1. Could you line up F131, F29 from fewest to most neighbouring Cβ atoms inside 10 Å?
2. So which lysines pass the test for K167, namely a Cα distance under 21 Å, with those fewer than 8 places away in the same chain ruled out?
3. Counting other beta carbons within 10 Å of each residue's own, what order do E52, E28, E46 fall into, fewest first?
4. What is the packing order of peptides 58-67, 99-108, taking the mean over residues of other C-beta atoms within 10 Å and listing the highest first?
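Bear in mind these aren't lab numbers, they're just calculated from the coordinates by the rules spelled out. Keep in mind the model is a prediction, meaning the values are calculated, not measured. Neighbour counts are summed over all protein chains in view; Cβ atoms, including those assigned to glycine, are modelled from backbone coordinates with ideal geometry.
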Amino acid sequence: MRRLLAAIVAILLLGCASTTVQSKRDPEFTGPLDRLYVAVGYSSVEESYAAELATHLSKLLGDHGITTRHQVFDQGEEDLSLAAIDAPVLDTAALREFLPNGVLIVSETAATWQRRTFRELRDVSHDASLFVPWKPDRIWRASLVTDEHGDDVNRASMKTTAETIVKQLLADKLID
């Protein structure tokens, strides 16, 4: 009986997450995308949270043959869901050096959390927007909400969020 109780408590304390996504693709865009500059912002969550997401995105995109560079930025109170590609938060020198054919900006749009007896619950919303470099029009946009629970929520949710973004880019035929 003690082992069963210990197993149940351990499961409750583990971090896990699920992500829902809605996306829209510009039907005029023909691609292909094989070099992506990934910029991940943070606001109410820690910088390490955004860095974890950027690292997971770069690895998963690399698994699909996409060459990436990434940066993490403090988005402050700005709503970057409407950001143009020349947003001041982007490292334009790195963009010009890397010469990507797509720029993926992932910004935090909301984060809420509450502490419960055995676990922490948190919802984090992101906006993911894909642009052709130095053009203002978005070619893809996704709205994501990640529900997290457990003690290691950052690690679990960032991996889940990155997997969801890459799966949606595949489903929307923006990458192979």
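1. Details: F131 23, F29 17.
Ranked by crowding around the Cβ, least crowded first: F29, F131.
2. The qualifying lysines are K24, K59, K159.
3. Details: E52 21, E28 7, E46 10.
Ascending number of Cβ neighbours within 10 Å: E28, E46, E52.
4. Details: 58-67: 15.5, 99-108: 21.7.
Ranked from most to least packed, the peptides come out as 99-108, 58-67.
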